[in-house]
Amino acid sequence: MKFLDIGELAQKAGVSAATLRYYEEVGLIRSVARHGLRRQFEPRALMQLSLIALGKTAGFSLQEMRGMFGPDGMPELSRMTLHGKADQLDAQIRKLTSLRNALRHVAQCKAESHMDCSKFQRLLRVSSTSRQKVPKATMAPEMSGAAFSCDPVATLPRSRGR
């Protein structure tokens, strides 16, 4: 079997040799030999690195990914864990979609000032409560991505420093 030198593996995987050494240190990949001082890897390390890149993109921590490889380095993916991460991504997509829709509304709002826009005021409140770790169910339904219409906020004093 032909092994991949650390530099060759780094180049093929699009990561640095330092990243490969770190992944080896934390137990994600394993070198199988040395040629002089240079680590050598089995070709399957490329597949492992692809899975690591996919896992990072999906939001898995390196620690979580360590548990996704068996002792032989082959993937052992828990379907339950994958479903849980997919659910987290769905929730994140909903929140980001809602935020995008709100920002688009505010950018196109006919109100004279953003501070006169009731939707912008709700966006500020939602943003404020999310930083306070309030349960996500408190998000205003009108920020859920439905079509926006704007009702000027009549009770807010207007800023004079415009």
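The values are calculated or read from the model by the stated rules, or taken from the named source; none is laboratory data. Bear in mind the structure is a predicted one, so any value in this text is a computation, not a measurement. Because the Cβ atoms are built from the backbone with ideal geometry, glycine has one as well, and the counts that use them run over all protein chains shown. Side chains are part of the model used for accessible areas, which takes the heavy atoms of the whole protein and leaves out ligands, DNA and RNA. Shrake-Rupley method; radii C 1.70, N 1.55, O 1.52, S 1.80 Å.
Worth pointing out:
- Any hit, the stretch 3-14, residues being β-branched (Val, Ile, Thr), part of a helix (DSSP H, G or I) and more than 23 Å from the chain's Cα centre (by Cα): yes
- Looking only at the stretch 48-75, and only at residues there that are outside any helix (DSSP H, G or I) and within 18 Å of ARG21 (Cα to Cα), the one that is nearest to the chain's Cα centre (by Cα): SER61
- Remark: LEU62 falls outside the filter, which requires a residue to be open to solvent by 60 Å² or more (accessible area, probe 1.4 Å) and hydrophobic (A, V, I, L, M, F, W, C).
- Any pair with Cβ under 8 angstrom, 6 or more apart, that starts in the stretch 99-119 at a residue that is aliphatic (A, V, I, L, M) and ends at one that is open to solvent by 80 Å² or more (accessible area, probe 1.4 Å): VAL106/HIS114; ALA111/PRO152; MET115/ARG158
- Single residue of the stretch 3-48 satisfying the filter (under 18 Å from PRO75 (Cβ atoms) and of a type in the set (Gly, Ala, Ser)) that is surrounded by the most Cβ atoms within 10 Å (Cβ to Cβ): ALA45
- Cβ pairs under 7 Å, 6+ apart, first in the stretch 2-21 and within 15 Å of ARG44 (Cα to Cα), second among the hydroxyl-bearing types (Ser, Thr, Tyr) and at pLDDT 95 or above: ALA10/SER16
- Residue in the stretch 21-28 that is in a loop (DSSP other than H, G, I, E, B) and either among the charged types (D, E, K, R) or on the phi < 0 side of the Ramachandran plot (or both) present: yes
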